[in-house]
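Undergrad: Quick one: this structure, given as structure tokens, is what I'll be asking you about.
The values are calculated or read from the model by the stated rules, or taken from the named source; none is laboratory data. Treat the numbers as computed from the prediction; the structure is a model and nothing was measured. Cβ atoms come from the backbone with ideal geometry, glycine included; neighbour counts cover every protein chain shown. Remember, those area values only see protein heavy atoms, side chains included, never the ligands or the DNA or RNA. Shrake-Rupley method; radii C 1.70, N 1.55, O 1.52, S 1.80 Å.
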Amino acid sequence: MSKNAKIAAGGVAAGILLLFWLPWWAALLIVLGVPAAAYLTLDPSQRRRLRRVTRKELGR
């Protein structure tokens, strides 16, 4: 299993656990808010590089 697959599986497991412990709206806010906050902490050059890499992986 690749590193990204392990991270994705951990995120899904954490999301399911959060749904049981918190109201659904709070769990959704955490699941969507954490990656958004991480993206916003990147400086502009890192954001450009991240967009370029994801476009390459999509085959564009």
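Undergrad: Return a yes/no flag: does the stretch 37-48 have any residue that is more than 17 Å from the chain's Cα centre (by Cα), exposed (fewer than 10 other Cβ atoms within 10 Å of the Cβ) and not acidic (D, E).
TA: Yes, because at least one residue in the stretch 37-48 is more than 17 Å from the chain's Cα centre (by Cα), exposed (fewer than 10 other Cβ atoms within 10 Å of the Cβ) and not acidic (D, E).
Undergrad: On to the next question. Filter the stretch 1-27 for residues that are among the aliphatic types (A, V, I, L, M) and farther than 23 Å from T54 by Cβ and give the result.
TA: Those that are among the aliphatic types (A, V, I, L, M) and farther than 23 Å from T54 by Cβ: A13, I16, L17, L18, L19, L22, A26, A27.
Per-residue answers, yes or no, for (1) open to solvent by less than 70 Å² (accessible area, probe 1.4 Å); (2) of a type in the set (K, R); (3) assigned to a helix (DSSP H, G or I):
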residue: M1; (1), (2), (3): no, no, no
residue: N4; (1), (2), (3): no, no, yes
residue: V12; (1), (2), (3): no, no, yes
residue: G15; (1), (2), (3): yes, no, yes
residue: L19; (1), (2), (3): no, no, yes
residue: A26; (1), (2), (3): yes, no, yes
residue: L32; (1), (2), (3): no, no, yes
residue: P35; (1), (2), (3): no, no, yes
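Undergrad: Return yes or no: is R55 part of a helix (DSSP H, G or I), open to solvent by 90 Å² or more (accessible area, probe 1.4 Å) and either modelled with pLDDT of 85 or more or touching a Ser or Thr at 6+ places or on another chain (Cβ under 8 Å) (or both)?
TA: No.
Undergrad: Related question: Residues of the stretch 37-52 being among the hydrophobic types (A, V, I, L, M, F, W, C) and in a loop (DSSP other than H, G, I, E, B), which ones?
TA: Once the filter is applied, which keeps residues that are among the hydrophobic types (A, V, I, L, M, F, W, C) and in a loop (DSSP other than H, G, I, E, B), the stretch 37-52 yields only L42.
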